[in-house]
Amino acid sequence: MKAVLAERYGPPEVLQIREIATPTPKAGEILIRIHATTVTSADWRLRSQTVPTGFGLIMRLVFGLRKPRQPILGSELAGVVAAIGRDVTRFQVGERVFAFSDMRLGCHAEYIVLPQDGLVVATPPGLTDDTAAALCFGGTTALDFLRRAKVRRGERLLVNGASGAVGTAVVQLARRAGAEVTGVCSTANLDLVRSLGAVQVIDYSRDDFTGNGETYDVIVDTVGTAPFSRCRRSLKPGGRLLLVLAGLPDMLRGLWVSLTSGRRVIAGPAAAKLDDLRMLAALAETGEFQPVIDRIYPLQQIVEAHRYVDTGRKKGNVIISMRDKG
Ligand SMILES: NC(=O)c1ccc[n+]([C@@H]2O[C@H](COP(=O)([O-])OP(=O)(O)OC[C@H]3O[C@@H](n4cnc5c(N)ncnc54)[C@H](OP(=O)(O)O)[C@@H]3O)[C@@H](O)[C@H]2O)c1
């Protein structure tokens, strides 16, 4: 099979498309033929080792000291079950599925083997592979943070970085939870964020949301520019600050803030659950959650796709289509 290998850390040009052996499913595992996958901000961070302050060594210990331990990046996919191992009962050959391999990665390839009891779910018939492939990374992160913050109907919620994969998911899922959403993004993305359900949009190139006198029950920072020190005046008493992206110093300060200020700072890696995938698929089928798709590249243009994701300015998700021979 074809796979994209990152055999060292570095710029997009370290990526190489190679022919490698197709894996065989063992007992309890399924082999999936991947039709679509995504290049996420996590792929960029891992490949380039661009990590938030204080996480450099931790990242290398987890993902490989000198080079990636798992050279095939990519954490989400949509495709079809191509073979099943012994004792597999949840899936059949030919069934359409989407999956989140999360930190196990491995999705930038034509095939992947995953455990049948992993984060794998049948793709609803109404969803394309491109849409299904883009459900998990932003969607599960948004669901986990919103759940941890116990967002309630009628609360005012602001998303800093509302136009990325996580931001576009937060806007839609917070709105669905009944929050009144304000999105912060660049001029070019104001209409997009409004169309996803934000009742207010703030152009960060013209206005600073931390200085306009407005206050919120929940602030979600997906950019890393809104630590507590900057947005304390914008957070209501009892408010929650969700640091989707933060360095270690801001996370540690957040612990202190939570203990002493009557407000809570919630940070750290998001946890994905099988039920989240089922919920995201059901919401996508009814149109209540639509992963935003910015660009679609064929596998052959994986380097270009990474270059675009590296800009940090993508709108929602970047898809790699494995069916287009480009
Ligand atoms: N904690 C976790 O478990 C977890 C999970 C997933 C992701 N993350 C982290 O969360 C971050 C966001 O992920 P993502 O996948 O959504 O990234 P992304 O898709 O690359 O989006 C980044 C967005 O940030 C916006 N942006 C850039 N500068 C901005 C600024 N000064 N103010 C407001 N918005 C700005 C860009 O929009 P404009 O073009 O409009 O500026 C872009 O849409 C990443 O750093 C990732 O590492 C953490």
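Among VAL39, VAL121, ALA132, whose Cα projects farthest towards the positive end of the dipole of the range 1-138, with charges put on the beta-carbon of Lys, Arg (+1) and Asp, Glu (-1)?
Farthest towards the positive end: VAL39.
Straight-line reach from LYS236: which aspartates and glutamates have Cα under 15 Å away, leaving out those fewer than 8 places along the same chain?
Within the straight-line cut-off, LYS236 pairs with GLU155, GLU180, GLU214, ASP217.
In a shell of Cβ-Cβ distance under 14 Å around ALA174, excluding ALA174 itself, what net charge do Lys and Arg (+1) and Asp and Glu (-1) give?
Net local charge, ALA174 excluded: +3.
Need the C-alpha centroid separation for the range 169-199 versus the range 275-326, integer Å.
19
Under a Cβ-Cβ cut-off of 9 Å, what is the net charge of the residues other than GLY238 that fall near it, where Lys and Arg count +1 and Asp and Glu count -1?
+3
If you place +1 on the Cβ of every Lys and Arg and -1 on the Cβ of every Asp and Glu, how big does the dipole about the Cα centre of the range 203-326 come out, in debye to the nearest 20?
280
Dipole of the chain, Cα-centred, from +1 at each Lys and Arg C-beta and -1 at each Asp and Glu C-beta, to the nearest 20 debye?
So the magnitude is around 800 debye.
Looking at the range 192-255, which trypsin sites (Lys or Arg not before Pro) are DSSP coil and have at most 16 other C-beta atoms within 10 Å of their C-beta?
ARG206
If you average the alpha carbon positions of the range 211-237 and of the range 136-158, how far apart do those two centres end up, in angstrom?
One Cα centre to the other: 15 Å.
Please find the FRET efficiency linking ASP275 to ARG232, where r is the Cβ-Cβ separation and R0 is fixed at 35 Å, and quote it to the nearest 0.05.
Once the sixth-power term is evaluated, E becomes 0.50.
What is the calculated FRET efficiency for LYS150 to GLN300, with r their C-beta to C-beta distance and R₀ = 41 Å, to the nearest 0.05?
0.35
For the residue pair LEU65 and ALA27, what label-to-label distance in nm results when each label sits 7 Å from Cα along the Cα-to-beta-carbon direction?
If labels sit at LEU65 and ALA27, their model points lie 3.5 nm apart.
When you count, for each residue, the other Cβ atoms within 10 Å and take the mean per peptide, how do 298-307, 75-84 rank with the highest first?
Ranked from most to least packed, the peptides come out as 75-84, 298-307.
Tell me the mean residue ellipticity at 222 nm calculated for the chain from its helices only (DSSP H runs of n ≥ 4, each -39500 (n - 2.57), averaged over every residue, nearest 500).
Rounded to the nearest 500, it is -8000 deg cm²/dmol.
Taking the 0 to 90 degree range and rounding to the nearest ten, how far is the long axis of helix 165-176 tilted relative to the main principal axis of the chain, both from C-alpha atoms?
Helix 165-176 and the main axis of the chain meet at about 60 degrees.
Just to verify a number: FRET efficiency for VAL199 and ARG253, C-beta to C-beta distance, R0 = 35 Å, to 0.05?
With R0 = 35 Å, the Cβ-Cβ based efficiency is 0.70.
Quick one: Cα centre-to-centre distance for the range 69-123 and the range 52-68, in angstrom?
That distance is 25 Å.
Using a 10 Å cut-off on Cβ atoms, rank the peptides 37-43, 211-217 from the highest mean neighbour count down.
So the peptides 37-43, 211-217, ranked by packing, come out 37-43, 211-217.
What is the packing order of peptides 270-276, 28-34, taking the mean over residues of other C-beta atoms within 10 Å and listing the highest first?
28-34, 270-276
Please report the antiparallel percentage of DSSP beta bridges with both residues in the chain, rounded to the nearest 5.
50
Bear in mind that the values in this text are calculations on the coordinates, not laboratory data. Because the structure is predicted, anything quoted here is derived from the model rather than measured. Because the Cβ atoms are built from the backbone with ideal geometry, glycine has one as well, and the counts that use them run over all protein chains shown.
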